[in-house]
Structures are given as structure tokens and as C-alpha cells.
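The values are calculated or read from the model by the stated rules, or taken from the named source; none is laboratory data. This one's a predicted model, so the numbers in the text were calculated from it and none came from an experiment. Backbone-built Cβ (ideal geometry, glycine too); neighbour counts: all protein chains shown. These accessible areas exclude ligands, DNA and RNA; they are computed on the full protein's heavy atoms, side chains included. Shrake-Rupley method; radii C 1.70, N 1.55, O 1.52, S 1.80 Å.
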Amino acid sequence: MRVLFVNSPGLGHIFPCVPLAHALIAAGHDVLYAQGGDVGAVAAAGVHVVDVTPGLDYATVFRPEEIDFSVDGGDEFVAALFARVSGVTVDRVVEVARAWSPDLVVHSPLQGAGPLVARAVGVPAVSVVTGPADSAPLIADLMRDHMKEHYVRHGVTPAPAPGLRLNSIPPSLLALLPERVRADDDVPVRYVPFNGNGELPGWLLEPPKRPRIAVTLGSIAGLWGGLAVLAPLVAAAGDADAEFVVTLGGGDPSLLGELPPNVRTVDWLSLGPLLRTCRALIHHGGSGTSAVAMAAGVPQCVMPLSPDQKDNERAVVERGIAIGASAETIGAAEFRALLHDEGLRTAAAEVRDEAAAMPSPAALVGRLESLV
């Protein structure tokens, strides 16, 4: 079986599908990524990849300066933004698919080129859902509307591609989400953390001298100057009886201000190994980031930077595994809750165990084979 993976360009959309790609390869199937963005991360994961947008700066496509991050979340916002991002990949993805002849297409929910190319070459499509912000079936419908010209240009009827959705949201969290986010025929799959391979620093293997809190804005915000929002957190961290590890994600560390002695920065560090040494995680509300924290069973503090991330925040806060905060005012109260609130820690452990009980990507290879 040949399986073509088509994901949105950000690492937070690329990484969640990698364990499924590895499971398919281990079962003897051929896997190819038709990918824009950080294709080097795909190659480093041991998977063949074709760069469908070579040389493109995705900041010119996302156009973050045009996004009003203060507005509330909404399916229309997410659909319009990612239809634009998907549109720049469509032509080349269709070319790759027609040349390679896949039997199945796997895609992230916000990569509209995935279902389009599946219909173009007449094969099933599998969507891999990571978090609440991208899981509303309505988003897929809205994205097709926004991408209608691409469907028409390639002679494809704008309609859902046959296939299924794999959903890695733990059951108790999924039950709290509004009905518009759930699909009755979703197939549960365990979220297996993958945030890239690399050499681990020696200090990560040593027991922390104080409780450790990880801080990250994911793989995109740092590159667009977003690290500046962490300056109040860094300033407040100096008074906390904890150690903080801030991942820069390629951002400029000078935007954080003067670092207290208990704050360490790293440019990039795989989040899974880091969280195994941490008591808590402070982050922006990305679906993949939150899923890694759930798999690790650590409490979270969410400071959403965009409307869709507010949807993720609401879900984890309602489940009791996280607290919400503002980047401007976060400080001692939030640090104390993350380190000492036993309710948070108990709920996080419950969700961790739920996630671990879900079928692994390897266990679902047979289900994907049955689609072909």
C-alpha cells in the first residue's frame, strides 16, 4: 500500500502524524510526504518527502500582521486562514499524487489539499485530529467552500472525500466538547508524542534540583517575534521556587529581557523528553503541545495567542487539567497552582491514563488497510 501524507506546514501539524507514518512503514507499506514548510523535519524523522513549496516563506501566506488575535475563536476564522495556506500547495500536491499513485491519503484536518487530492486521484482520505481547535467537521466544509476554485481548476467536485477520521482527544475531554466538534464515526487513536529527533543535553538526564516548569510557544510564534509576550513571565519567574526551561523555537532570546538565575533557555528541545522531567507546562494552547502534556500527565497553564488556541484552552481548563492565564499578568499565583494544586495533578494523571489506553497507531494499520 502506498500512503501519501499531506500536512499543514507548521511543525505542530507535521509532527502528530509521524508515529502513524512510522507504523505504516514498519508494517511494510510505502510512505511519502508531499509537504510544504519544514520538510527537513520530515526527512530527519526518517520519512521520504517532496517539498511542494520550495523557497516559500509561509509568513507571507499566513500574514500574521493581518490577523486580529484579540477576537474570540471561530470556525470561519480557522477555515479561511488555513484554506489560504492550503491553497499554495494544491497544484504541486496534485502533481505528486498523480505521479506517485497513492492508495490512501493521510492529512492534518487543516490541510485542505489532502481531501482535494484524494478525490482527484480517487482514493480514500484519513484525517488525523489532534485537538479541539481543528476538530469541528464544519471547518472541513468551510475550507472546501473557500477552496472551491482549486477544486474546479483540477476537475474535482467540492465534496467530502470518502475515508475516516482518527481522533486522539482523550474520551473524558471529548465528552466535554460541544457536539459541533465531535463526529459520531471518529476512530480513537492514541497520541504518541513526537517532536523531532536529536541529541539530548546532559542536564536533562540529571534530577532537577528544584521543581521544573517548561515554557513554550510552539514552533511558529517564536519565529514571528512572539517571544516578547513571555517577558512578564520571565521577570516573575525569578521569585519562584522552581526552575524554568524556556524553548525559543528559533526566536530572539533578547525579547525575554534579563534572565533570572533559575531560567534556562534552549533553542529547540523535544517536548516529550523535557516534560518527563517537569512538574508542569506553560504554553500557547497549540493542539500538539497540549496533547504532549496530556500524554505526560503534567498540569498545564495556557496563554492563548490566537482565537483557535482559545478553543483548546477552554477544553483543557474545563477538564480540570489546566488553568488559563494572561501573558501580561501571569506570575506567582499561576506558578503555585501548577506546582501544588493536587486537583490539577490528579486530573492530569487520569487523562494520561485514558490516553495510554487508546489504540496505538500501529494497532490501526489494519483499519487503514481495509479502506483500500
Taking the dipole of the chain about the Cα centre (Lys, Arg +1; Asp, Glu -1; charges at Cβ), the one of Val192, Ala293, Gln111 that reaches farthest to the positive side is Val192
By accessible area with a 1.4 Å probe, ligands and nucleic acids excluded, highest first: order of Met1, Met358: Met1, Met358
Considering only C-alpha atoms, what is the centroid distance from segment 331-363 to segment 241-303, in Å? 15 Å
Please arrange Val126, Val49 by accessible surface area, largest first, computed with a 1.4 Å probe and ligands excluded. Val49, Val126
So how many Å³ per residue does the convex hull of the Cα atoms of segment 19-67 work out to? 83 Å³
Using modelled backbone amide H atoms (1.01 Å from N, in-plane), which distant-in-sequence or interchain residues come within less than 5 Å of Val3's amide H? Asp30, Val31, Leu32, Asp103
What range in the chain is the longest one free of GluC sites (Glu not before Pro) that are in a loop by DSSP and have at most 16 other Cβ atoms within 10 angstrom? 1-198
Using only Cα atoms, tell me the angle between helix 307-319 and the longest principal axis of the chain; keep it within 0 to 90° and round to the nearest 10. 60 degrees
Rounded tilt (10° steps) of 287-296 against the dominant C-alpha axis of the chain: 60 degrees
Report, to the nearest whole %, how much of the accessible area of the chain belongs to carbon and sulfur atoms, 1.4 Å probe, protein only. 54 percent
Could you give the length gained on full extension between Arg98 and Arg63, defined as 0.36 nm per residue of separation minus the Cα-Cα distance, in nm? 9.5 nm
Intensity falloff of segment 78-118 expressed as log10 I(q)/I(0), Debye formula with alpha-carbon point scatterers, at q = 0.15 Å⁻¹: -0.33
Taking the inverse of the average 1/r across all pairs of different Cα atoms in segment 229-372, what Kirkwood radius in Å do you get? 16.3 Å
Viscosity 1.002 mPa s, temperature 20 °C, Stokes-Einstein D of segment 45-180 from Kirkwood C-alpha radius, µm²/s: 134 µm²/s
Rg to Rh ratio, segment 154-193, alpha-carbon atoms and Kirkwood radius? 1.10
Whole-number D in µm² s⁻¹ for segment 172-243, Kirkwood Cα-pair radius fed into Stokes-Einstein, 10 °C, 1.306 mPa s: 94 µm²/s
Label zone at Leu56 (point 7 Å along Cα-to-Cβ), backbone N below 11 Å, segment 16-37: 35-37
Ignoring trypsin sites (Lys or Arg not before Pro) that are buried or in helix or strand per DSSP, and keeping those with at most 14 other beta carbon atoms within 10 Å, what is the longest stretch of the chain between them? 1-208
Go from 0 up to the bin containing the longest alpha carbon distance in the chain, width 20 Å each, and give me the % of pairs per bin. 30, 59, 11, 0
Leaving out ligands and nucleic acids, and using a 1.4 Å probe, what accessible area per residue does the chain come to in Å²? 40 Å²
To the nearest 10 degrees, how steep is helix 90-100 against the longest Cα principal axis of the chain, on a 0 to 90 scale? 60 degrees
